[in-house]
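*Asks:* My questions will all concern the structure given below.
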Amino acid sequence: MNSIRFLFHRRCWFSSLSSTSSSSLPWISPLQVLKANSRKPDAPDKTSSTNVDTRKKSKFISHETALELIKHEREPQRALQIFNMVSEQKGFNHNNATYGTILDKLARYKKFQAVDAVLRQMTYETCKFHEGIFLNLMKHFSKCSLHERVPEMFYKIQPIVREKPSLKAISTCLNLLIDSDQVDLARNFLMYSNKGLRLKPNTCIFNILVKHHCKHGNFESAFEVVKEMKKSKISYPNLITYSTLMDGLCARGRFKEAFELFEEMVSKDQILPDVLTYNVLIDGFSRGGKVDRARKILEFMKNNGCKPNVFNYTALMNGFCKEGRLQEAKEVFDEMKSFGLKPDTVGYTTLINCLCRTGRVDEALELLKEMKEKECKADIVTFNVILGGLCRECRLEEALGMLEKLSYGGVYLNKASYRIVLNFLCQKGELEKAMELLRLMLSRGFLPHHATSNELLARLCKAGMVDRAVIALFGLVEMGLKPEPETWALMIELICRGRKLLIVFELLDELIIKEAGSSKSCS
């Protein structure tokens, strides 16, 4: 293959991506008064005072309109402009709703400096604020891993709202800190709540502590918290307390203790379990290889007047599928439908996966068809399971056809979808088909796994398809792949052996330019 033909093939196969940069405007402080762009009103017409009054009235922006404008404005800077502009109106004062809306908008876009400025402004307002504004800000700060700012928002409630924070505010703050494993911050926060505010923790707050200890496998501390709870009437353990403990015990394989706790909850504390509590046990026992015990719990559930839901049945199906007991999994699936329950995507996918794993791909495809008929939308996981099943049965043409057609049918596959099929094509030595799939992947912006890419290049070289390997390498390099030294050395050796030195030089130039470009961008 000569140089012109090679470059022609390369340009037909792959295209480079371009990116655009956008400039940002300088930030506008919420305390700025926007008088620069304001116009003085025209002098009133002496003969038409009624028209002037109507015109003035139509220009006034109400609180409701201001809220809508701020909510629907995509640019946080522009939203802040609107917030400041409406406050210039005679007779207009911001209220809890407008402050809450602008703070939420700024926090969503991580404009925390502007958030602080608005909060400072709120300290001078006379309107009545609600703590919900601060609870919302806590969640935004936690999401951005600004954990120290979570209790800071709590401490601002009393001076700005002018009321003590509620127990809901305490539980929200504590839960965010515990979920983020900020134990020291949580401890200090609880001490402040107890001593500074003299707020006694309720069941909800204690449950957060139980959850924390269970998450870290510290059940001795978890049960100590439960002991403390039982000493107080306002914080007595409830269904959530016991469900949390049982879930933690099951996750650690302590099934006997979990079931003993279940019996204690029902017999001693007279707390009746609901479908979620039952699901903790059914799912925990199923995942832990105790699926027969999980089945008995489901039967106990039905016999005691608690109707199982889709999640209970799906958890049990998953347990049977994990043990390869397909027939029993199908029986559970049929039982679920016989009770009038509509299987969801997870339920269908669980059974489809079991069918594919046991080589019954046609039955899996029938279930996929049933999903469509029942208007249960298959997700990416469902299709990836099917693709894997087809490949394991060497039905590669069908797998390739599915990859080609699904995107046109409105199904957005992920990189795993393509990688599943490409891996099997490489393993089976179907190199021509692998090249076709590589072309499709790269045209859709998906890069194969690093190991798969190198394996494909090596296999192409060893099969004497060096020209195709070079074409593939150019496309892969453009998408960011760095070939392994062994792969690169093998390609150079084979290209040189075939006396195709021009291709080697072009390839070296391309890689050097690519490497230089990436080094510049990093510096």
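*Asks:* Would you mind computing the Rg to Rh ratio of region 349-447 from its alpha-carbon coordinates, Kirkwood style for Rh? Don't jump to the answer; show the numbers that get you there.
*Replies:* Values: Rg = 13.1 Å, Rh = 13.7 Å.
Using only Cα positions, Rg/Rh for region 349-447 is 0.96.
*Asks:* While we're on this one: Apply the Karplus curve 6.51 cos²θ - 1.76 cosθ + 1.60, θ = phi - 60°, to the phi angles in region 272-279 and return the couplings in whole Hz, x for Gly and Pro.
*Replies:* Each residue of region 272-279 in turn: 7, x, 10, 4, 5, 5, 4, 5 Hz.
*Asks:* Still on this structure, I have one more. Taking every pair of Cα atoms in region 121-222, average 1/r, invert it to obtain the Kirkwood radius, and report Rg/Rh to two decimals. Mind showing how you got there, number by number?
*Replies:* Numbers: Rg = 14.1 Å, Rh = 14.1 Å.
We get a ratio of 1.00 for region 121-222.
*Asks:* Considering only protein heavy atoms, what per residue accessible area in square angstrom results for region 173-280 with a 1.4 angstrom probe? Walk me through the numbers before you get to the answer.
*Replies:* Working: 5870 Å² over 108 residues.
Per residue, region 173-280 has an accessible area of 54 Å².
*Asks:* Using a/c under 1.5 as the rounded threshold, could you call region 230-309 rounded, prolate or oblate? The axes a ≥ b ≥ c are square roots of the C-alpha gyration tensor eigenvalues, and prolate needs a/b larger than b/c, oblate otherwise.
*Replies:* In terms of gyration-tensor shape, oblate.
*Asks:* I'd like to know how region 283-358 sits against the 2.2 N^0.38 Å rule of thumb: what's its Cα Rg over that expected value?
*Replies:* On the way: Rg = 11.5 Å, N = 76, 2.2 N^0.38 = 11.4 Å.
Region 283-358 yields a ratio of 1.01.
*Asks:* May I ask you to evaluate 6.51 cos²θ - 1.76 cosθ + 1.60, the Karplus curve with θ = phi - 60°, for each residue of region 418-427 and list the ³J(HN,Hα) values in order in whole Hz, giving x for glycine and proline?
*Replies:* Those phi angles translate into 6, 5, 4, 6, 4, 4, 5, 4, 5, 4 Hz.
*Asks:* Could you work out the percent of alpha carbon pairs in region 164-276 separated by over 22 Å, rounded to a whole number? Could the numbers behind the result be given before it?
*Replies:* Values: 2021 of 6328 pairs.
I get 32 percent for the Cα pairs in region 164-276 exceeding 22 Å.
*Asks:* If packing is taken as the average count of other Cβ atoms within 10 Å, what order do 162-170, 381-389 fall into, highest mean first? Write down the numbers at each step before the final one.
*Replies:* Numbers: 162-170: 16.1, 381-389: 22.2.
Result, highest mean first: 381-389, 162-170.
*Asks:* Under 13 Å from a label point 7 Å along Cα→Cβ of residue 183: give me every residue in region 210-240 with its amide N that close.
*Replies:* The answer is 212-222.
*Asks:* Round to the nearest 0.05 the FRET efficiency obtained for residue 121 and residue 240 when R0 = 25 Å and r is the Cβ-Cβ distance.
*Replies:* Given R0 = 25 Å and the Cβ-Cβ separation, E is 0.05.
*Asks:* Further question: Using the basic label-point model (7 angstrom from Cα toward the beta carbon), what is the residue 463 to residue 334 distance in nanometres?
*Replies:* It is 4.5 nm.
*Asks:* I've got another one for you. Counting residues in region 51-135 as N, plug N into 2.2 N^0.38 Å and put the Cα Rg over that result. Present the calculation step by step, with values, prior to reporting the outcome.
*Replies:* On the way: Rg = 13.5 Å, N = 85, 2.2 N^0.38 = 11.9 Å.
Against the empirical 2.2 N^0.38 Å value, I get 1.13 for region 51-135.
*Asks:* Roughly speaking, what is the stretch gain from residue 65 to residue 231, that is 0.36 nm per residue apart minus the C-alpha to C-alpha distance, in nm to one decimal? Working shown, then result.
*Replies:* Numbers: separation 166, 0.36 × 166 = 59.76 nm, distance 5.20 nm.
Extra length available between residue 65 and residue 231 comes to 54.6 nm.
*Asks:* Let me ask something additional. Order these peptides, 111-119, 98-106, by their mean beta-carbon neighbour count within 10 angstrom, highest first. It would help to have the intermediate numbers written out before the result.
*Replies:* On the way: 111-119: 18.0, 98-106: 21.7.
Most protected by this proxy first, the peptides run 98-106, 111-119.
*Asks:* Return the whole-Å distance between the Cα centroid of region 224-303 and the Cα centroid of region 369-416.
*Replies:* 38
*Asks:* Binning at 5 Å from 0, report for region 110-165 what percent of all alpha-carbon pair distances ends up in each bin.
*Replies:* 4, 19, 32, 27, 13, 4, 0
*Asks:* Percent of Cα-Cα pairs per 10 Å bin, from 0 to the last occupied bin, for region 432-481, please list those.
*Replies:* Using 10 Å bins, I get a P(r) of 27, 64, 9 for region 432-481.
*Asks:* So, one more: Using 0.36 nm times the number of residues separating residue 72 and residue 252, minus their current alpha carbon distance, what extension gain do you get?
*Replies:* Values: separation 180, 0.36 × 180 = 64.80 nm, distance 4.73 nm.
Answer, rounded to one decimal: 60.1 nm.
*Asks:* Now for a different question. Rg(Cα) of region 303-415 divided by 2.2 N^0.38 Å? Please report the intermediate quantities before stating the final value.
*Replies:* Working: Rg = 14.7 Å, N = 113, 2.2 N^0.38 = 13.3 Å.
That ratio works out to 1.11.
*Asks:* For labels at residue 85 and residue 267 in the simple 7 Å Cα→Cβ model, what's the distance in nm?
*Replies:* Those two pseudo-labels are separated by 7.1 nm.
*Asks:* Moving on to the next point. With viscosity set to 1.002 mPa s and temperature to 20 °C, compute the Stokes-Einstein D of region 392-491, Rh being the Kirkwood radius across alpha carbon pairs; µm²/s, no decimals.
*Replies:* Values: Rh = 13.7 Å.
Calculated translational D: 156 µm²/s.
*Asks:* How large, in percent, is the carbon and sulfur part of the accessible surface of region 377-482 at a probe radius of 1.4 Å? Write out the running numbers ahead of the final one.
*Replies:* On the way: 2450 of 4580 Å².
The nonpolar share, carbon plus sulfur, comes to 54 percent.
*Asks:* Based on the Cβ-Cβ distance from residue 146 to residue 380, what FRET efficiency comes out when R0 is 45 Å, to the nearest 0.05? Please list the in-between numbers first.
*Replies:* Details: r = 32 Å, r/R0 = 0.72.
Rounded to the nearest 0.05, the efficiency is 0.90.
*Asks:* What are the ³J(HN,Hα) values, in whole Hz, obtained from phi via the Karplus relation 6.51 cos²θ - 1.76 cosθ + 1.60 with θ = phi - 60°, for each residue of region 294-304 in sequence order, with x given for Gly and Pro?
*Replies:* These are the phi-based 3J(HN,Hα) values: 4, 4, 5, 5, 4, 5, 4, 4, 5, 5, 9 Hz.
*Asks:* Find, among the GluC sites (Glu not before Pro) in region 104-152, those assigned to loop by DSSP (not H, G, I, E, B) with at most 14 other beta-carbon atoms within 10 angstrom.
*Replies:* Working: sites: 125, 131, 148, 152; in loops: 125, 131, 148.
When the GluC sites (Glu not before Pro) of region 104-152 are filtered for loop state and at most 14 Cβ neighbours within 10 Å, 125, 148 remain.
*Asks:* Rounded to the nearest Å, what's the spacing between the alpha carbon centres of region 92-129 and region 143-164? Just the number, please.
*Replies:* When both Cα centres are located, 13 Å separates them.
The values are calculated or read from the model by the stated rules, or taken from the named source; none is laboratory data. Every value quoted in this text rests on a predicted model; they were computed, and no experiment measured them. Cβ coordinates were reconstructed from backbone atoms using ideal geometry, including for glycine residues, and neighbour counts include every protein chain displayed. Heads up: the accessible areas ignore ligands, DNA and RNA and are worked out on the full protein's heavy atoms, side chains in. Shrake-Rupley method; radii C 1.70, N 1.55, O 1.52, S 1.80 Å.
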